[in-house]
């Protein structure tokens, strides 16, 4: 069974989606009360949990503190049961450090850190189940958690992955598509202004195709942004109903 | 719009069971691809017609096992389910799946794919402990029911399944959906498609046979791909393609390595000796081999073998040992359709106890015998039949196959022609109704006219230019016309080449275009031709006939009148009218100021005629001057001598007697050819500059020096030195190698030089570095084919490229090109393959006619069977000779099976005597027991007797015997001018065949088959072939040069 057919002649992907269709997104905010902000998101079979602490004073060595803005501290981890084979995943391995760094960069671009000088914001993300698009699920979950914590941001940060199969850009890749060996691009976007917070791509891609791929990923991010917006509004409605009582 | 559901799959990867969760999205709207759709599905490209009586949904097992039956075009309205497609992909692998995919894409076959697993109502999750087959059948049935309901019950749906339980379970569940078995289906719905039913039963029987097998092993098992791939990477195994030696199919096969860099490192090919070591690999398969230890290596046999099973091939007849290997695994099967011959019925009965399972012999000697299970063995005895291979188990000595189609009785002309076509993979059904409907009409009642819209867009040359065409006598598809005139002022000369505008009539992607692409070229056989385009185009509307308005693609150069340097060049679509349709002879006599009859001028008045004639003569003279100039330019670059090429290519490509016609070499031939080459060259430059990544060009790679070995050795025997370092040096030294007493020496040397050449190939510029664009034979840096769009598909592609190049010049934004590099490379490969097939078919059909010609002549009495021959190579036990009179090359044995050698008596006649042979590089000596010695040298003239070695299963061979060691003296009065005999040979054989079929008709036993075939025969006049042959040779000499040496290397 060498090489799955990622895109059929009829234009369907392995799981029955068309190239530009996202997986089903379900999200909840405020799942934990202990933390300042928390959120849970499911993008297809990828499930992520994000909690936010802060802003609070800088923990650990004081020298890390910045005098004009807040420090953002991100930590990414995967549950041992998140993949098909159970596997112990120690902290600080290369993959998760890289992911943590990416998250940090993304949120430094989005959170209005200058409002909180000499303080720290902690964002912890855990992948509960992994089925491709871990980075985007983390970003989306963390966005909701940051909003839940009431920390001001420039805009939602929405992330989505996109790949290139048989001259067609496909968005929101699942695990089977990611491991197919093709190009995978992750893109985080501030949808309202259209600013790109982070782009990451591995594997080769012809320059001519880059624009098409970026465009597909940005469109996907925008529609994700609408979904997240809906989730936030829904949540606010629920909360305000509760507080009104 | 979307609804998600999740399915669980249990999947094992690397042996371990892993639980994988995959999402599965289903939706309401999945296109049904039916013309009857009431719900407004978004049906694109291919839709099922509404005018069929029913739709048929085959289940998984039927698609898997009987896909070939479903491939019949007569079966219409087939709905393949996604379930079935995926099952095919998993169980039958990529090859079968790709076949299904291409079937679905084929626009002429009315079948579609329905993605039932993505449709909300047809998707059914597999239940716990449900067997896979049951689940698949359930899915397919749900799809069938959905179709029926979706089309609002307008169309009955038939589901076919092999499983009797399913028939029982589902057949009465819903009205309008019928569940039956495939056999029943074919019988009740397609009773007139006999072939499909036969194919079905033959596959079913083959399947049954396979199940009931269980015998001891004959061959070692193949290694699985998991072991082979790392092994190849590590260098333990070597990957290559199997090439079986035609003459020793039982013993010798060679492994042709994938990349040439490795093969130079290894020295040469790898030998695989014997069937055991070949381990079920068939000619053409891609295999992995393991080298044997050096002690087991052996050499290739250099003796000529008369019959197989020659046990006396001692060590002295072998070349030094070369790497020898055995096959350990097969990476890719390349099985195609094979033509086989059924044995006579008595033989079947004596051969095996089970007379339904018989062994048939393929026509191609390189293919092993095939086991066939059939009940029609008695009816099919001595018939040629197309079979497909199914499997080759390690328990079986021979592969298993099944019958696909019956061609006819062996030995009949039509059967043999069909055999040749099938063996070369050529399919030439008559043009379909739909294709002919696309054609413009040109009849007496409704003549075709120039479209006024086209008149505006095209440059009109009708009034301004004197256009004429020069072709062989009686030619009806005129591809090209020429014009030449002095521009006002006298400083510039304008030369125009006008090519039939085929692409105007054949739009890219139309049915005719698809058909032309799949044919790729017009096929010329010895007695007929199969056109690439329908006759209304090729012989009428596209043909640049005299005195009528025609569309053309033109290349027009402005040359400096004195120096003939190019000042400017114009490409574009034109509207023209050819004033004169000249033939070569007339044109040449006009050029020589000899009296000649120009038919177009005869009705005119005297002085008018003289004036017109003067004009024409002037033009011809100018043309010749330009052509001479172009020729010298190319000669300086090192172009190989065309005249020589012409002769030797003819010899080589078709071995036809026309080949050695001492044709009066007219300068006008060369003039026309030169203009065409020039046009091709400039078009190549133009499209390559406009589309550096996706232009279709033609390259002729320089030959490999080691191939020149036989040429230089033979030349040395006559004291000539051949310099092969560059094309210029080669051309010069071939020119010098002329023996004044024997003109054949030079010709034979040129034949050998042609054999050393590589093939010229079409390619897409994006897939080849620029320094490889060079055309060796013509000495041009860029070359393509532009001038014969009527009979070559490559020219049509080039026409389209040129048009988009011209359009993109005017337009601000880039116009979309017809194809990307990948697609174009694919096209180029396809055309190259078809060209090769066309040449093989042509060669084989010529050989067939030679055999038929000599078949009913008694070699001992008929003087036509004795001919003069020239020795051109020496082998260990014989000579290779060339017979100029018939253009035949063949082997002459100097030792027979009783180990006797040829002895020459005083008067030159020969007889067999006990003795031995001694071989030297340039001669071979026969030493008889009595002590007499006779030597045969290279380029000796001898006399041979030609007889036919009839073979039931294969193509017949000509057998040559030495009659005398001297040239044939005093040619008898019946000896005809050699130029005619080729045509006559074909005519005689055709007449013979017609008489035979008439006789058969009288007896009322004419086979249905040969009638059908006669309809396919597109040209009734056999000698039209000769004319077309000449166009081919003359209009584009380079082609014959390039394609000449396409003899298989083995």
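Each value in this text was obtained by applying a stated rule to the coordinates, not by laboratory testing. Here the structure is a predicted model, which means the values were calculated and not measured. Methodologically, a virtual Cβ is constructed for each residue, glycine included, from the backbone with ideal geometry; neighbour enumeration extends over all protein chains shown.
With no solvent and one point on each alpha carbon, what is the Debye value of log10 I(q)/I(0) for the stretch B:667-853 at q = 0.09, 0.19 Å⁻¹?
Scattering profile of the stretch B:667-853, log10 relative to I(0): -0.43, -1.28.
How long are the semi-axes of the equivalent ellipsoid of the stretch B:101-170, defined as square roots of 5 times the Cα gyration tensor eigenvalues? Whole Å, largest first.
Semi-axes from the Cα gyration tensor: 22, 15, 14 Å.
Over the stretch B:433-622, with a single point scatterer placed on each C-alpha, what log10 of the ratio I(q)/I(0) does the Debye formula yield at q = 0.09 1/Å?
Each listed q corresponds, in turn, to -0.39.
For the stretch B:493-563 and the stretch A:71-126, what is the separation of their C-alpha centers, rounded to whole Å?
Measuring centre to centre over Cα atoms gives 68 Å.
I need to check one value: relative contact order of the stretch B:433-622, counting alpha carbon pairs closer than 8 Å and at least 6 residues apart, in percent.
The normalised contact order for the stretch B:433-622 reaches 25 percent.
Once both labels are modelled 7 Å past Cα along the beta-carbon direction, what's the residue B:739-residue B:165 spacing in nm?
8.0
What Kirkwood Rh does the stretch B:510-625 have if only Cα atoms enter the pairwise 1/r average? Answer in Å.
For the stretch B:510-625, inverting the mean 1/r across all distinct Cα pairs yields 17.6 Å.
Which order do the peptides B:408-418, B:129-139, B:601-611, B:369-379 take when ranked by the mean count of other beta-carbon atoms within 10 Å per residue, highest first?
Numbers: B:408-418: 21.4, B:129-139: 16.0, B:601-611: 10.8, B:369-379: 18.9.
Ranking, from highest mean packing down: B:408-418, B:369-379, B:129-139, B:601-611.
Send over the Kirkwood Rh of the stretch A:46-95, from the inverse of the averaged 1/r over different Cα pairs, rounded to one decimal Å.
By the Kirkwood definition, the hydrodynamic radius is 13.9 Å.
Sorted by average packing, counted as other Cβ atoms within 10 angstrom per residue and highest first, what order do B:693-700, A:68-75 take?
B:693-700, A:68-75
Tell me, what does the Kirkwood hydrodynamic radius of the stretch B:710-782 come to in angstroms if you use every pair of distinct C-alpha atoms?
Values: mean 1/r = 0.0726 Å⁻¹.
Value: 13.8 Å, from the Cα pair sum.
If each Cα of the stretch B:469-526 is one equal point scatterer, what is log10 of I(q)/I(0) from the Debye formula at q = 0.13, 0.18 Å⁻¹?
-0.58, -0.85
Rounded to the nearest Å, what's the spacing between the alpha carbon centres of the stretch B:223-249 and the stretch A:170-234? Just the number, please.
Cα centres, the stretch B:223-249 to the stretch A:170-234: 44 Å.
Cα-based Rg of the stretch B:356-432 per 2.2 N^0.38 Å, rounded to two decimals? Walk me through the intermediate numbers first.
Values: Rg = 13.3 Å, N = 77, 2.2 N^0.38 = 11.5 Å.
Scaled against compact globular proteins, the figure is 1.16.
Based on the alpha-carbon gyration tensor of the stretch A:53-149, what equivalent-ellipsoid semi-axes (square roots of 5 times the eigenvalues) come out, in whole Å, largest first?
Output for the stretch A:53-149: semi-axes of 27, 14, 10 Å.
In 10 Å bins starting at 0, how do the alpha-carbon pair distances of the stretch A:24-244 split up by percent?
8, 33, 36, 18, 4, 0
For the stretch B:21-192, calculate the relative contact order in percent as a whole number, restricting contacts to Cα pairs under 8 Å that are 6 or more residues apart.
Taking the mean separation of contacting Cα pairs over the length of the stretch B:21-192, I get 25 percent.
For the stretch B:108-122 and the stretch B:669-734, write down the distance between their C-alpha centroids in whole Å.
Distance between centres, Cα-based: 53 Å.
Could you compute the FRET efficiency for residue A:209 and residue B:18, with r as their C-beta to C-beta distance and R0 at 30 Å, rounded to 0.05?
Computed FRET efficiency for residue A:209 and residue B:18: 0.35.
For the stretch B:863-964, would you read off the P(r) tail past 18 Å as a percentage of all alpha carbon pairs?
In whole percent, the share of Cα-Cα pairs in the stretch B:863-964 beyond 18 Å is 46.
Report the far tail of the P(r) of the stretch B:840-897, meaning the percent of Cα-Cα pairs longer than 18 Å.
Across the stretch B:840-897, Cα pairs with separations above 18 Å total 46 percent.
How long are the semi-axes of the equivalent ellipsoid of the stretch B:754-864, defined as square roots of 5 times the Cα gyration tensor eigenvalues? Whole Å, largest first.
With the √(5λ) rule applied to the stretch B:754-864, the semi-axes are 42, 16, 12 Å.
Computed on alpha carbon atoms, what radius of gyration and Dmax characterise the stretch B:389-494, expressed in Å?
Radius of gyration, then largest Cα-Cα span, for the stretch B:389-494: 26.6, 85 Å.
With label points built 7 Å along Cα→Cβ from the Cα atoms of residue A:241 and residue B:912, find their separation and express it in nm.
The modelled label-to-label distance comes out at 10.7 nm.
In deg cm²/dmol and to the nearest 500, what is the mean residue ellipticity at 222 nm of chain A if only DSSP H runs of at least 4 residues count, each as -39500 (n - 2.57), divided by the residue total?
-10500 deg cm²/dmol
From Cα pairs below 8 angstrom and at least 6 apart in sequence, can you work out the relative contact order of chain A, rounded to a whole percent?
Relative contact order for chain A comes out at 21 percent.
One-quarter of the Cα convex hull surface for the stretch A:4-81, in nm²?
9.1
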